[in-house]
There are 2 protein chains.
Amino acid sequence: MELPQSATVCECFARDGLQREAFVPTEKKVEIINRLMRAGVKRIEATSFAHPKYLPQFADSEEVLTRIERVAGARVLALIPNTRGFDRMLSMCEKGKGPDGITVVVTASESYNKRNVGKSIGGSMEEIAGIVPRAKAAGLSVIGCVGTAFGCPIEGEVRPEAVLELARRYRDMGADEIMVGDTTGMSNPLKTHRLLGLLTEKTSADLIAHFHDTRGMGIANALAALQCGITLFDSCLGGAGGGMVKETEDAHSGNVATEDLLCMFEEMGIATGIDWDAVVDCLPAAREILGRDLYGKAARTGRVRH
Amino acid sequence: MELPQSATVCECFARDGLQREAFVPTEKKVEIINRLMRAGVKRIEATSFAHPKYLPQFADSEEVLTRIERVAGARVLALIPNTRGFDRMLSMCEKGKGPDGITVVVTASESYNKRNVGKSIGGSMEEIAGIVPRAKAAGLSVIGCVGTAFGCPIEGEVRPEAVLELARRYRDMGADEIMVGDTTGMSNPLKTHRLLGLLTEKTSADLIAHFHDTRGMGIANALAALQCGITLFDSCLGGAGGGMVKETEDAHSGNVATEDLLCMFEEMGIATGIDWDAVVDCLPAAREILGRDLYGKAARTGRVRH
């Protein structure tokens, strides 16, 4: 089994983990982000510049970016849903409090994209094409996300060619990395291996794998991605987060749990540079923030190797 | 990604799933076994012939075997811990109510074996060597289980050579299949791939992969096993069951969940011959039997493909 020697995990608890939750006080977000960075997490999705009317959770995005520590070697990322959010984010950069990089988002399914942001795929890509050069000019790295890449809860199958086309357009715009998102946990390891293999072969982009554990295959999908040579992964503490699944809410549709993903990597000798125990120490705070138990498994028993 | 075209799942809820639980009425066991067989499950671990003093759960093993339906094409298996249990089982065969096959057990760790059955590995293998030819003579198939094959909670690392040696001894005795057990969920996909690869290469035995989801890697371990060409798997409804982990009890150390394993197989096009929805329909009964929620994920949202 061919596996990479190291991998980078982007911790998304403060953004994807909280997106559908009741507003969490800024100080709690700041504390957990700081703790994760001190644990050695090299990438943090810290907030979103969505309009507070639509996602009141992120009404404090400026304050989060202002108050979090900046840890050497840790990159702070923000999700940018549209030009208006980008402009807000850019004014933070001008004050020296901006993120290190941004994530722009489109989904490979027309129906999901319309439902998600009220635009066609073409409309989203046109807006993104205006954002990316401005971000690059401001010295920000850009992640181009292709959501519902492995399937859409509304349309069903998503053609790999549709994902490839969006990845190419991102690359041509100058995006640094392409995130391939299994937004509602519809992939399986074979599908993951085929799509990420295709994208690796046909584009020169660095790919980020973003899995949800909706059907219990999140960690197995990550294994399949590793076998394609992918070394960049998204995850959330405790498997928090989750999008629309079959048009119903389901807490179990959360992201792959950070502690479980890191456990697998480290147990297989894939270096992450992260102190696993320090990440696990963040779980009580995450549970307190969400007011419920979380779904990761590895922290309950602990790792095998130390 | 090279995967087999079909796989066989042995449903262990009635044995491994219940072993550490308070006594479950015989009729409940019989009902769930019957439903699983009617759902197309081809192998059922129905009971254990452990002495009722040690495992009162299985005080009704004769009654379970007597009362369950016999479904064409479905094999009923019983765990045999020692000669005394074998003799009890054999008297069931003489009445025409015996199982189709038996599982005999040793662990690859001396300490765990002593703790589990109060014997050395050598002592267990000597007793098993007396049982196997008698079972074969009675027309029963024999599964030789090597437990703690991927690690022991007492001793830590287990040498692959120790597992290989036990597998060879089983083969030489005439065992039909070798079960490789990750008794307390200590494997990872790389370790799984290496050990099952080694055993596949060095023995001609058919291997059964038995994983626990203690650290969230159960399904990923199954994927790694598939990639070694393994087509026989154990699992429990809802991820029930579980052995000693770090010398403490932990409900989350359960077996790989049948519904999640089957979901991954079927989603990847690996035929199991099992009606997934009919298996999922057994979950409320399993939850009622255990009096608590279970840990599988796929049934909460449902499969992608139908």
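For the reader, a short list of remarks on this structure follows.
- If you go through the stretch B:70-105 and pick out every residue that is among the acidic types (Asp, Glu) and assigned to a helix (DSSP H, G or I), you end up with 2.
- Top-ranked residue of the stretch A:114-151 - restricted to ones that are within 14 Å of another protein chain (Cβ to nearest Cβ) and closer than 25 Å to residue A:43 by Cα, ranked as farthest from the chain's Cα centre (by Cα): A:150
- Screening residue A:19 against (1) more than 14 Å from chain B (Cβ to nearest Cβ); (2) within 16 Å of the chain's Cα centre (by Cα); (3) modelled with pLDDT of 95 or more leaves a single unmet condition, (3).
The rows are residues; the columns are (1) under 15 Å from the mean Cα position of the chain (by Cα); (2) within 26 Å of residue A:301 (Cβ to Cβ); (3) within 13 Å of chain A (Cβ to nearest Cβ); (4) of a type outside the set (Gly, Ala, Ser).
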{"position": "B:223", "(1), (2), (3), (4)": "no, yes, yes, yes"}
{"position": "B:226", "(1), (2), (3), (4)": "no, yes, yes, yes"}
{"position": "B:235", "(1), (2), (3), (4)": "yes, yes, yes, no"}
{"position": "B:240", "(1), (2), (3), (4)": "yes, yes, no, no"}
{"position": "B:269", "(1), (2), (3), (4)": "no, no, yes, no"}
{"position": "B:275", "(1), (2), (3), (4)": "no, no, no, yes"}
{"position": "B:284", "(1), (2), (3), (4)": "no, no, no, yes"}
{"position": "B:301", "(1), (2), (3), (4)": "no, yes, yes, yes"}
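- Residue B:230 buried (at least 20 other Cβ atoms within 10 Å of the Cβ), more than 13 Å from chain A (Cβ to nearest Cβ) and within 19 Å of residue B:1 (Cα to Cα): yes
- Within the stretch B:205-216, considering residues that are out of contact with any Ser or Thr (no Cβ under 7 Å at 6 or more places or on another chain) and of a type in the set (A, V, I, L, M), the one nearest to the other protein chains (Cβ to nearest Cβ): B:209
- For the residues A:192, A:183, the requirement of being part of a helix (DSSP H, G or I), among the polar types (S, T, N, Q) and within 19 Å of the chain's Cα centre (by Cα) singles out A:192.
- Taking residues in the stretch B:121-138 that are surrounded by fewer than 15 Cβ atoms within 10 Å (Cβ to Cβ), and partners anywhere that are among the β-branched types (Val, Ile, Thr) and modelled with pLDDT under 95, the pairs with Cβ atoms closer than 9 Å and at least 6 places apart or on different chains are B:123/B:117.
- Restricting attention to the stretch B:172-204 and to residues that are away from every other protein chain (no Cβ under 14 Å) and touching a Gly at 6+ places or on another chain (Cβ under 8 Å), the residue that is most open to solvent (accessible area, probe 1.4 Å) turns out to be B:176.
- The residues of the stretch A:9-42 that are farther than 22 Å from residue A:184 by Cα, surrounded by fewer than 24 Cβ atoms within 10 Å (Cβ to Cβ) and not hydrophobic (A, V, I, L, M, F, W, C), listed by number, are A:25, A:26, A:27, A:28, A:31, A:34, A:35, A:38, A:40, A:42.
- Residue, most open to solvent (accessible area, probe 1.4 Å), within the stretch B:59-77, restricted to residues that are among the β-branched types (Val, Ile, Thr) and farther than 22 Å from residue B:178 by Cβ: B:66
- Residue check: residue A:80 meets all listed conditions (1) modelled with pLDDT of 95 or more; (2) aliphatic (A, V, I, L, M); (3) surrounded by fewer than 24 Cβ atoms within 10 Å (Cβ to Cβ) but one, namely (3).
- Selected residue [of a type outside the set (Asp, Glu), out of contact with any Phe, Trp or Tyr (no Cβ under 9 Å at 6 or more places or on another chain) and within 30 Å of residue A:224 (Cα to Cα)] from A:39, A:7, A:46, A:22: A:46
- Residue pairs whose Cβ atoms lie under 9 Å apart, separated by 6 or more positions or on different chains, with the first residue in the stretch A:252-273 and under 22 Å from residue A:287 (Cβ atoms) and outside any helix (DSSP H, G or I) and the second aromatic (Phe, Trp, Tyr) and at pLDDT 95 or above, are A:255/A:13; A:255/A:211; A:256/A:211; A:256/A:233.
- The residue of the stretch A:286-299 that is least open to solvent (accessible area, probe 1.4 Å), among those that are more than 21 Å from the chain's Cα centre (by Cα) and away from every other protein chain (no Cβ under 14 Å), is A:291.
- For the stretch B:144-168, filtering for residues that are out of contact with any Leu (no Cβ under 7 Å at 6 or more places or on another chain) and crowded, with 19+ Cβ neighbours inside 10 Å leaves 9.
The values are calculated or read from the model by the stated rules, or taken from the named source; none is laboratory data. Source: prediction; values computed, not measured. Don't worry about glycine lacking a Cβ; one is built from the backbone with ideal geometry, like all the others, and counts go over all protein chains shown. Side chains are part of the model used for accessible areas, which takes the heavy atoms of the whole protein and leaves out ligands, DNA and RNA. Shrake-Rupley method; radii C 1.70, N 1.55, O 1.52, S 1.80 Å.
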